[in-house]
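Asker: Below you will find the structure I want to go over with you.
No lab work stands behind these numbers, since they all come straight from the coordinates. Fair warning: this is a prediction, and the values are worked out from it, not measured in the lab.
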Amino acid sequence: MPHEGTANVGYSAGGFEEKCGWRADIMARVYSFPEQSVLRDRYASSTYRDCYCEVLSETDKRGPVGLFISVMHPMPIWVQGLMTVRNTVVRLFGLRTDAGNTKIEQDESCYKVGDYVGFFEIAYLDQNEVVFTTNDRHLDASFSMLIDTADGRRAYFTSVVKTKEKLGDVYMFVIAPFHRFIVGRMFKRLRKSD
């Protein structure tokens with residue numbers, strides 16, 4: 001089982017708990033990367049990476065897509081506002097700003113590889129993990145929702161980004177703190193919904 005803390009590099013979440021006043025009542029815990037994830041090969045060579053973990057109730061029977069939907073939908077108004085600002089700015093630099101599939105099915109059994117949840121495309125799906133991707137000319141981003149049942153039920157949300165050019169590096173440098181702030185708070189929703 002991965003341990004609390006992280007051994008990340010680059011624009012990683014390493015030390016985020018101390019630097020940003022991490023509090024368990026507000027944010028999800030930062031964890032090291034779960035080795036059983038299909039993203040393991042991309043993780044080591046990524047420009048940015050982070051991983052969050054929440055303990056799930058034993059009665060929580062949602063699969064990885066259902067957990068992702070619970071975290072991302074409905075999007076809080078304050079996150080929608082931040083995304084509007086982000087989209088306005090990055091559109092000038094040619095980064096993706098499309099909303100993708102805005103109709104989100106609550107029934108996770110409806111989803112398969114190639115489908116979209118928002119602007120995230122499902123690239124991999126099995127009973128314990130879903131990997132979403134969103135790529136453009138500046139960077140490739142992958143996000144995994146993994147359920148680990150080795151020691152109770154835990155959900156891991158991992159972000160892995162590989163930049164392709166300098167503009168992607170600048171983008172991640174600016175966006176990384178917002179990403180950690182948003183994901184840390186939204187992933188905590190798993191505590192409240194099962």
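Asker: Looking at region 110-153 from every direction and averaging, what is the projected area of its Cα convex hull in nm²?
Answerer: 3.8
Asker: When the chain is fully extended, how far beyond the present Cα-Cα distance does TRP78 get from LEU167, taking 0.36 nm per residue of separation?
Answerer: Roughly 29.4 nm would be gained on extension.
Asker: A 29 angstrom limit on the alpha carbon distance is what I want to check against. Which of LYS112/LYS188; LYS61/LYS112; LYS164/LYS188; LYS61/LYS188 exceed it?
Answerer: Working: LYS112/LYS188 25 Å; LYS61/LYS112 19 Å; LYS164/LYS188 31 Å; LYS61/LYS188 17 Å.
Violating the 29 Å Cα-Cα cut-off are LYS164/LYS188.
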